[in-house]
Amino acid sequence: MLAGLDEAVLFIIVVVAFFAALEIAFQLGRRHVHRSDDTSRSHIGALQAALLGLLALLLGFNFAMAASRFDARKTLIQEEVNAIRTSYLRAQLLPPSQREQVSDLLKSYVAARVDFMQAGVDRTQLERTSAATTDIESRLWALAGASATLSQASPERVLVIQSLNEMFNTNEKRRAALDNHVPQIVISLLIAVALGALSFIAYGYGLTGRRRHVSTALFALLIAMVFTIIIDMDQPRSGLIRVGEENMVRLKESMDLNLAR
């Protein structure tokens, strides 16, 4: 439901929803002020404390889930860079003709991976770069398999095949990590509990007949900010908090220099 939604727009929507809940709950509390007593106010205060505790638990839980997924994506980028670099270095052990072919394909592979990372949420470009990556993988594997057959799997070629296999596996792990988000039901529960907690707060001071929207609105803004950051970390291809491609770009520049020599 939140995939592809701009974080600034999401923040505004959440803030508007929170403020609307505050005003509605306050008006309800003010209508019931004559029917309330100390017992009911005490009951509302207990519910406020319980919901705020649950809200704090859910915020921490969601933040931890989003942060762990974000760290996993960063780690997998470094693993992929290492796997590609290893494949490139081992390819230099091959005979000159095959070494050149594999090196050129690996260079194209890195360029495709950089394009994939810089595509953001552009579905057309993502599909194009994914198709290019798959095509290069097939060509690399066919070339490595043919080389292994012709030479009866010499140690050098076995090393190249192993590193290529690791490179392909890491790419699949990265694709899976990009689709591994905080479950939507958990996000929905967080929104529901936040709305409930703020509503009970506003209802509680509505029973006193006095507005206290300023302090509660600041609290709502803080909750909305934390919620938006959670979504931002969980959507690493957009927003302010992104998984950087600097390591892959540096590898591409290094390979370009080596091939130019």
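The values are calculated or read from the model by the stated rules, or taken from the named source; none is laboratory data. The model shown is predicted, which means the values in this text are computed figures rather than measured ones. In this analysis, Cβ positions are derived from the backbone assuming ideal geometry, glycine residues included, and neighbour counts consider all displayed protein chains.
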Discussion item. Quick check on this structure: which one of Leu54, Leu89, Leu76, Leu94 is of a type outside the set (Phe, Trp, Tyr), surrounded by fewer than 17 Cβ atoms within 10 Å (Cβ to Cβ) and in contact (Cβ under 8 Å) with a residue 12 or more places away in the chain?
Written reply: Leu54
Practice prompt. Answer yes or no: is there a residue in the range 212-226 that is assigned to a loop (DSSP other than H, G, I, E, B) and either surrounded by fewer than 16 Cβ atoms within 10 Å (Cβ to Cβ) or modelled with pLDDT of 85 or more (or both).
Written response: yes
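Conditions tested, residue by residue: (1) more than 27 Å from Met233 (Cβ to Cβ); (2) without any contact (Cβ under 8 Å) to a residue 40 or more places away in the chain; (3) surrounded by fewer than 19 Cβ atoms within 10 Å (Cβ to Cβ); (4) not aromatic (Phe, Trp, Tyr).
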| position | (1), (2), (3), (4) |
| --- | --- |
| Ser154 | yes, yes, yes, yes |
| Arg157 | yes, no, no, yes |
| Val160 | yes, no, no, yes |
| Asn165 | yes, yes, yes, yes |
| Glu172 | no, yes, yes, yes |
| Asp179 | no, yes, yes, yes |
| Gln184 | no, no, yes, yes |
| Leu189 | no, no, yes, yes |
Response to the item:
Filtering the range 24-44 for residues that are modelled with pLDDT of 85 or more and exposed (fewer than 14 other Cβ atoms within 10 Å of the Cβ) leaves a count of 1
Discussion item. If I filter the range 108-121 for residues that are over 23 Å from Lys74 (Cβ atoms) and modelled with pLDDT of 90 or more, do I get at least one hit?
Written reply: yes
Worksheet item: Regarding Thr170, is this residue out of contact with any Lys or Arg (no Cβ under 8 Å at 6 or more places or on another chain), part of a helix (DSSP H, G or I) and at pLDDT 80 or above?
Response: yes
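Condition check: within 19 Å of the chain's Cα centre (by Cα), closer than 22 Å to Arg69 by Cα and aromatic (Phe, Trp, Tyr). Does Phe116 satisfy that?
yes
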Worksheet item: Is it true that Phe61 is under 23 Å from Leu5 (Cβ atoms), modelled with pLDDT of 90 or more, part of a helix (DSSP H, G or I) and within 21 Å of the chain's Cα centre (by Cα)?
Response: yes
Worksheet entry | Identity of the residue in the range 194-235, aromatic (Phe, Trp, Tyr) and touching a residue at least 40 places away in the same chain (Cβ under 8 Å), that ends up nearest to Asp179 (Cα to Cα) | Phe227
